[in-house]
Each structure stands twice: as structure tokens, then as C-alpha cells.
Amino acid sequence: MKSSLIILTRNEIEGVKNLFNKTPFDKFDECFVVDYKSTDGTVEYFKERNIRVLPQEKKGRGEAFRLAEAKASGDILIFFSPDGNEDPADTVKLKELIEGGYDMAIASRFLPASRSDDSDSATPYRSWGNKSFTFLANLFFGGRLSDSINGFRAVKKDKFKELNLNAEGFAIEYQMSIRALKLKQKIKEIPTIEDHRIGGKSTAKTIPLGLKLLKILFKEIIIGKNF
């Protein structure tokens, strides 16, 4: 199976510089960047190193996922954000799970031996929210996931197509998990250590994202498998 490492960026030059030499590009059949209008040198940095960059015109992570799937030549899609949160070494582990027969592989921040970047906070609101939405996804759609929201994941391209994803922004990852559960796709999680962000600024705002996820949850309950 041919694999595609997809790097998602938007003004992540500090993280990119820090992680570039730690990223196992040679373990994948193709590697390319999907970039949304970076102005900090991110695009130029990759191009100077002969990494293809696809410009993303419409804002949002959902659009980035769909564009990546449309342009990737691999049978396996591995989504990776070089912002410091995600361990580049785990990209190979995710790919190997798909090669081993799973339809989707998720890097979980909540398995034993895992860590979320707010684990050491006295009030880890982000972790509480993620766990709550994962509990609801498992409850309504018969899953046993520990982290339904993390976008650090791999999926077979043909299985991605089956999901017919239309969510916008960061909600696409939750929709992807829910629809994969509905179709009883084979999902496997690995523990991952989510480190702290390197430079840049997160565009995921807790309350607005929570409302989007609730909307996705209710919609998916109503539509069933009619997608």
C-alpha cells in the first residue's frame, strides 16, 4: 500500500524548523504540505527542501482534510500538524496500523501512557471536554474510543471516501470518528504524548468548538447512516 504523509500548516515556521529533521519523510511514499495562507516563511521553508506545497484557498481544517484526500496518491493518508503538539515518530506507527489491516488509526491522548498538553493543569478543561464528547460518541454509536477528536490520525483513502465528510473546521475529526463507528470501520488507537505547542497560535477556541461538536453530534444522531 502506498502512503501519503500530509502536513497541515498555517504560520507554523517555528514548529516546522524544530520538527523537520525529526520527521521520518523517508518512511512514506509521498509527503506534501497543505497550507492555508502562511505569511511567516512556512511555505518557502518546505519548498526550499523540495517538499510539495498545496495552497488551501478556503479556510478551515475540514477543507484541508478534503483537499489532501483529493490530491493524495497514496492508499493510506496520515495527517500530521507540525506545531509541537504531535510527535512525528508516531506517524510511522499510525501508518503501520493501517498496513496491518485497520481502516483508521488514531493517536490518543487519553490511553495509559498517553499525555494531553493540559494534563498538568489544575483545570484541564480541554481534556474534560474531549473525554466528554468521546463518551457521547461511544454511547450513541457503539464505540470504545478514548480520543475521538484528535486529528493526528491515519486512514485508508477508500474508507475516508466512504465517510462523505462535510464538517467544517476542527469538527471534521469528530465527524470522521462518528461516521467510522457507524460504518463499523476497524479503528485502532495508539498512546501518544502531546507536547506543548511550539510558537504560532492555536485557532481552536474551546467554547465555539464545543458548540460545533454538539451540533455535529445531534446531526449525526438524526441522520443515522444517511450520508
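Please treat every number below as a calculation from the coordinates, not as lab data. Everything numeric in this text was worked out from a predicted model, so none of it was measured. For neighbour counting, all protein chains shown are included, and Cβ atoms are generated from backbone atoms with ideal geometry for every residue, glycine included.
The magnitude of the dipole of the chain, with charges of +1 and -1 set on the Cβ of Lys/Arg and Asp/Glu and taken from the Cα centre, is near 800 debye. The spacing between the range 3-69 and the range 106-173, judged by their C-alpha centroids, is 22 Å.
Ordering of 6-12, 163-169, 30-36 by packing is 6-12, 30-36, 163-169, highest average first (other Cβ atoms within 10 Å, averaged per residue). Looking at the chain alone, DSSP beta bridges between its own residues are antiparallel in about 25 percent of cases.
Annotation: the residues Ser108, Ser114, Ser73, sorted from fewest to most other C-beta atoms within 10 Å of their own C-beta, follow the order Ser73, Ser114, Ser108. Rounded to the nearest 500, the helix-only mean residue ellipticity at 222 nm of the chain stands at -12000 deg cm²/dmol, with each DSSP H run of n ≥ 4 adding -39,500 (n - 2.57). In the chain, Cα pairs under 8 Å separated by at least six residues give a relative contact order of 25 percent. Remark: relative contact order (the range 1-119) = 32 percent; criterion is Cα-Cα distance under 8 angstrom and separation of 6 or more residues. Farthest toward the positive end of the dipole of the range 3-223, out of Leu8, Asn18, Asn164, is the Cα of Asn164, where the dipole comes from beta carbon charges about the Cα centre.
Name the residue farthest towards the positive end of the dipole of the chain from the options Ala113, Phe80, Gly143, assuming +1 on Cβ of Lys and Arg, -1 on Cβ of Asp and Glu, about the Cα centre. Projecting each Cα onto the dipole axis, the largest value belongs to Gly143. About its Cα centre, the dipole of the range 1-42 is roughly 60 debye, where the only charges are +1 on Lys and Arg Cβ and -1 on Asp and Glu Cβ. Between Ala171, Ala68, Ala113, the Gaussian network model of the chain with springs among Cα atoms under 10 angstrom shows the greatest mean-square fluctuation at Ala113. With neighbours defined as other Cβ atoms within 10 Å of a residue's Cβ, the residues Asp103, Asp83 order from fewest to most as Asp103, Asp83. Charge dipole (Cα centre; +1 on Lys/Arg Cβ, -1 on Asp/Glu Cβ; no other charges) of the range 134-194 amounts to roughly 400 debye. Under 10 Å, Cα contacts only: if you run a Gaussian network model on the chain, which one of Gln175, Gln56, Gln185 comes out with the highest mean-square fluctuation? Ranking Gln175, Gln56, Gln185 by mean-square fluctuation puts Gln185 first. Projecting the Cα atoms of Val34, Ile51, Gly199 onto the charge dipole of the chain (Cβ charges, centred on the Cα centre) puts Val34 farthest toward the positive pole. Mind checking the angle between helix 61-71 and the chain's longest principal axis? C-alpha axes, 0 to 90 degrees, to the nearest 10. The angle comes out near 70 degrees.
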